[in-house]
Amino acid sequence: MALLRCENVTKRFGGLVAVDSMTFEIDSGELMAIVGPNGAGKTTMFNLINGVFPADEGKIWFEDLDVTNFPAYKRAHLGMGRTFQIPRPFASASVQENIAIGAMFGSAGAEINVERAMEMADHYIEIIGLKKHRDKPAGGLTPTEKKLVEIARALAMKPRLLLMDEAMAGMNPKDIDGMVSFIRHIRDTEGIAIVSMVEHIMRAVAGLAERVIVMHQGALLVDEPTREALTDPRVVEVYLGHPPEEIDAQG
Ligand SMILES: Nc1ncnc2c1ncn2[C@@H]1O[C@H](COP(=O)(O)OP(=O)(O)O)[C@@H](O)[C@H]1O
Ligand SMILES: [Mg+2]
């Protein structure tokens with residue numbers, strides 16, 4: 001059984017069809033990317049999956065549970081995690097406290113006291129390599145460090161599915177490569193499915209994802225293994241009429 005299944009999911013904003021009858025599945029432990037140009041509907045698709053707003057049409061299942069009408073907090077408790085394109089940590093709270101908040105609101109939240117949440121935070125601070133910043137206010141971190149804290153906060157919620165909105169936007173190539181291997185590492189060690197949304201950075205997609213869904217004007221354009229997807233003529237056309245250079249370079 002798929003971990004997540006979307007069937008004909010549609011969302012309109014006035015006359016605009018932002019997400020147009022999307023049907024796809026995500027399996028447990030899968031590492032995939034949702035790709036598409038600006039305005040393709042990627043963020044709206046994420047918001048529909050994790051319940052920021054309800055779908056106008058269609059159904060969403062999390063394993064055997066129909067979550068179509070579940071609010072976001074219920075979906076989070078079931079194990080749907082999310083990072084945001086622009087991290088908004090509690091600026092004056094410490095790195096450790098920010099991550100502990102994730103632990104307390106996550107899928108194990110009800111059984112977790114503050115002490116245990118702080119211990120869990122320490123575990124994820126190790127993983128993201130920010131031990132030396134543990135007690136500093138999160139507001140003083142660099143953008144890349146804030147991204148890492150955001151990921152740690154989401155991981156502390158113990159998700160089985162983690163949706164990452166533009167985890168690599170605005171990063172330099174070195175940080176992108178670091179983030180790609182980090183995301184692969186957490187998939188391998190935490191055993192969770194990760195869906196990463198990427199607008200432009202094809203280099204990251206090629207190194208990261210095993211499968212790619214390409215969205216165009218709200219609809220599903222292709223759903224294929226990464227190499228096939230990124231060299232698919234329909235995808236090439238959507239991305240300015242030539243194959244992404246990084247794909248060529250990797251032969
Ligand atoms: N809250 C909203 N109200 C009205 N229109 C929206 C809203 N959110 C997104 N849109 C529109 O829906 C379309 C898809 O947007 P979005 O999902 O943000 O695309 P992407 O993340 O792929 O860039 C765009 O045309 C955008 O302007
Ligand atoms: Mg977006």
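The values are calculated or read from the model by the stated rules, or taken from the named source; none is laboratory data. These numbers come from a predicted model, not from an experiment. Positions of Cβ are generated from backbone atoms using ideal geometry, with glycine treated the same way; all protein chains shown enter the neighbour counts.
Consider Met118 carefully, then state whether it is within 16 Å of ligand 2 (Cβ to nearest atom) and not polar (S, T, N, Q). Spelling it out, it is not the case that Met118 is within 16 Å of ligand 2 (Cβ to nearest atom) and not polar (S, T, N, Q). If the condition is being buried (at least 17 other Cβ atoms within 10 Å of the Cβ) and within 21 Å of Ser196 (Cβ to Cβ), then region 68-77 contributes Arg75, Ala76.
Of all residues in region 198-242, count the ones that are touching a Phe, Trp or Tyr at 6+ places or on another chain (Cβ under 7 Å) and either over 23 Å from Gly170 (Cα atoms) or not assigned by TED's automatic domain parsing to the domain that holds Pro173 (or both).
Pass one, region 198-242, residues touching a Phe, Trp or Tyr at 6+ places or on another chain (Cβ under 7 Å): 213, 220, 223.
Now restrict to residues that are either over 23 Å from Gly170 (Cα atoms) or not assigned by TED's automatic domain parsing to the domain that holds Pro173 (or both): 220, 223.
Result for region 198-242: 2.
For every residue, the table says whether it meets (1) more than 15 Å from Leu163 (Cβ to Cβ); (2) β-branched (Val, Ile, Thr); (3) not assigned by TED's automatic domain parsing to the domain that holds Gln217.
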site: Leu16; (1), (2), (3): yes, no, no
site: Phe46; (1), (2), (3): no, no, no
site: Val52; (1), (2), (3): no, yes, no
site: Lys59; (1), (2), (3): yes, no, no
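Scanning region 172-201 for residues that are within 16 Å of ligand 2 (Cβ to nearest atom), over 23 Å from Leu78 (Cα atoms) and of a type outside the set (Val, Ile, Thr) gives Glu199, His200.
Among the residues making up region 159-200, those that are in contact with a strand residue (DSSP E or B) (Cβ under 8 Å, 6 or more places away or on another chain), of a type in the set (D, E, K, R) and modelled with pLDDT under 90 are Asp165, Glu166, Glu199.
Cβ separations smaller than 7 Å between residues 6+ apart or across chains give the following pairs from region 17-32 residues that are free of Cβ contacts under 8 Å to residues at least 40 places away in the same chain to residues that are surrounded by fewer than 17 Cβ atoms within 10 Å (Cβ to Cβ): Glu25/Ala2. Can you find a residue in region 145-152 that is at pLDDT 90 or above and over 16 Å from the mean Cα position of the chain (by Cα)? Yes, region 145-152 has at least one match. Among the residues of region 194-205, is any closer than 30 Å to Glu115 by Cα and in a helix (DSSP H, G or I)? Scanning region 194-205 turns up no residue that is closer than 30 Å to Glu115 by Cα and in a helix (DSSP H, G or I).
For the condition under 22 Å from Leu163 (Cβ atoms), modelled with pLDDT of 85 or more and either part of a helix (DSSP H, G or I) or in contact with a Pro (Cβ under 7 Å, 6 or more places away or on another chain) (or both), Ala229 qualifies. When each of Met168, Met164 is tested for being within 16 Å of ligand 2 (Cβ to nearest atom), closer than 20 Å to Thr43 by Cα and assigned to a loop (DSSP other than H, G, I, E, B), the lone residue that passes is Met168. Checked against the criterion of being farther than 30 Å from Arg12 by Cα and either part of a loop (DSSP other than H, G, I, E, B) or among the hydrophobic types (A, V, I, L, M, F, W, C) (or both), the candidates Ile183, Ile213 yield just one match: Ile183. Within region 16-50, count every residue that is within 15 Å of ligand 1 (Cβ to nearest atom), crowded, with 19+ Cβ neighbours inside 10 Å and part of a loop (DSSP other than H, G, I, E, B). Adding up the residues that qualify gives 3.
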